[in-house]
Amino acid sequence: MVAETTLTKNPVYAEFINKKLAGKDPLHITTRYSLTGTFETTTTLDAFSLTDEGETLQVKPARIRATSDKHLKHFFYEGTWDGLQVNDLATMEGFSIKSDLEMASLYLWDGYATFAIKGGRVEDANAPFSFSNLKMDCTSKYDKERNILSGKVEYGADSLSVGEKKVENPFVRIAVNGLNAKGYVEFMQQYMAAINKVMADAATTEDPGQMEKALEQQMAQVGMQLMVSAEKLMTKGLEFQISDLRFKLAEGEVNGGLTVSLKKDMTMMQFVPLANQPALALDIFELKSHLSLPKQLLGDSPMFFEPAFPGMQTGVFVAKDQRAEHQAETKDGKLLLNGKEVQLQ
């Protein structure tokens with residue numbers, strides 16, 4: 001069975017089409033249903049343009065295909081969009097998306113999603129911006145048996161430019177591993193319920209001043225409520241990671257990474273003694289970090305290369321030729337900075 005869908009019965013959309021696009025609807029939605037219960041929806045967008053106050057927005061063609069199983073648990077998407085242009089002020093071209101995701105629950109997903117943009121630019125007299133081959137890859141892994149959720153996002157590009165500054169081949173991978181899935185779901189449920197309540201209450205207040213004060217008070221309350229839920233996420237094995245950070249500047253290459261993980265279950269109150277007893281951190285965290293960059297990026301100040309307090313034997317960085325190098329790790333109950341033990345009080 002094949003079904004065609006139109007949004008022209010919506011009065012707001014219909015008015016937009018009639019007034020701005022001379023009655024020609026550029027959006028076409030077709031859904032095909034199979035005998036097994038699966039369905040596929042194909043959405044296409046024709047090219048169109050809008051002119052307002054002397055500026056013309058040109059929207060180029062797009063196409064996206066989405067499929068799902070009969071249980072609405074497994075989703076696949078792929079699509080392309082040729083881009084858009086606003087006079088000679090801004091352009092974006094070659095957008096694409098592809099994803100394959102399976103839903104375990106509303107907040108727990110297993111699979112991947114990839115986004116890419118071939119290029120774009122924004123003309124600005126002070127700081128024009130442009131990029132080439134921007135890409136983002138996201139993956140999510142839910143381990144039902146261990147009740148663990150892990151996620152990873154990778155960002156990369158061929159180049160990014162702001163004014164005269166240019167960054168070549170930037171890349172970074174950010175990951176959260178070992179997240180307690182049950183605690184995460186409870187946190188998200190409470191977060192969404194709290195935000196919905198805040199927005200609903202704000203909608204009933206007509207005075208902007210009172211609305212702002214009410215929002216500030218309610219957001220403070222939401223923050224306190226969420227701290228309780230956040231404690232359920234601070235379990236042994238929770239790991240935050242920044243890896244394979246790298247990019248190239250005119251001064252030279254920069255690369256680094258950071259991994260921090262919990263060695264045991266924690267509560268908010270258990271972090272309080274760290275302010276007066278930093279040595280306790282060695283029983284709580286595992287740490288490993290490194291960073292290498294051209295020395296000239298740190299300027300002429302010696303503060304990066306000198307011990308900041310008596311327990312340090314080196315600065316945060318050590319100089320090697322024309323580069324600044326940093327390495328830190330916890331090992332055998334000690335904190336090592338650039339190969340030297342840091343005495344924590």
For the stretch 275-345, which fully contained strands (runs of 3 or more DSSP E) count at least 2 residues that are in contact with a strand residue (DSSP E or B) (Cβ under 7 Å, 6 or more places away or on another chain)? 285-294, 323-331, 334-337, 340-342
Residue count, the stretch 31-79, condition of a type in the set (S, T, N, Q) and open to solvent by 80 Å² or more (accessible area, probe 1.4 Å), comes to 3
Yes or no: the stretch 147-156 includes at least one residue that is part of a strand (DSSP E or B) and touching a Cys at 6+ places or on another chain (Cβ under 6 Å). yes
Quick one: would you say Met219 is touching a helix residue (DSSP H, G or I) at 6+ places or on another chain (Cβ under 7 Å), loosely packed, with under 14 Cβ neighbours inside 10 Å and at negative phi? yes
Kindly check whether there is at least one residue in the stretch 86-105 that is within 30 Å of Tyr191 (Cα to Cα), of a type outside the set (A, V, I, L, M, F, W, C) and at pLDDT below 95. yes
Close pairs from the stretch 21-40: first within 19 Å of Gln58 (Cβ to Cβ) and at pLDDT 90 or above, partner surrounded by fewer than 13 Cβ atoms within 10 Å (Cβ to Cβ) and hydrophobic (A, V, I, L, M, F, W, C), Cβ under 9 Å, at least 6 apart: Pro26/Ala47
Of all residues being over 22 Å from the mean Cα position of the chain (by Cα) and touching a residue at least 60 places away in the same chain (Cβ under 8 Å) in the stretch 249-264, which is nearest to Tyr155 (Cα to Cα)? Just the residue, please. Leu249
Working only within the stretch 253-302, note down all residues that are among the aliphatic types (A, V, I, L, M) and either modelled with pLDDT under 90 or exposed (fewer than 11 other Cβ atoms within 10 Å of the Cβ) (or both). Met268, Met269, Val272, Ala275
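The values are calculated or read from the model by the stated rules, or taken from the named source; none is laboratory data. Just so you know, these numbers come straight off a predicted model, no measurement behind them. A quick note on method: Cβ atoms are made from the backbone with ideal geometry, for glycine too, and the neighbour counts reach across all protein chains shown. The area values use the complete protein model at the heavy-atom level, side chains included, leaving out ligands, DNA and RNA. Shrake-Rupley method; radii C 1.70, N 1.55, O 1.52, S 1.80 Å.
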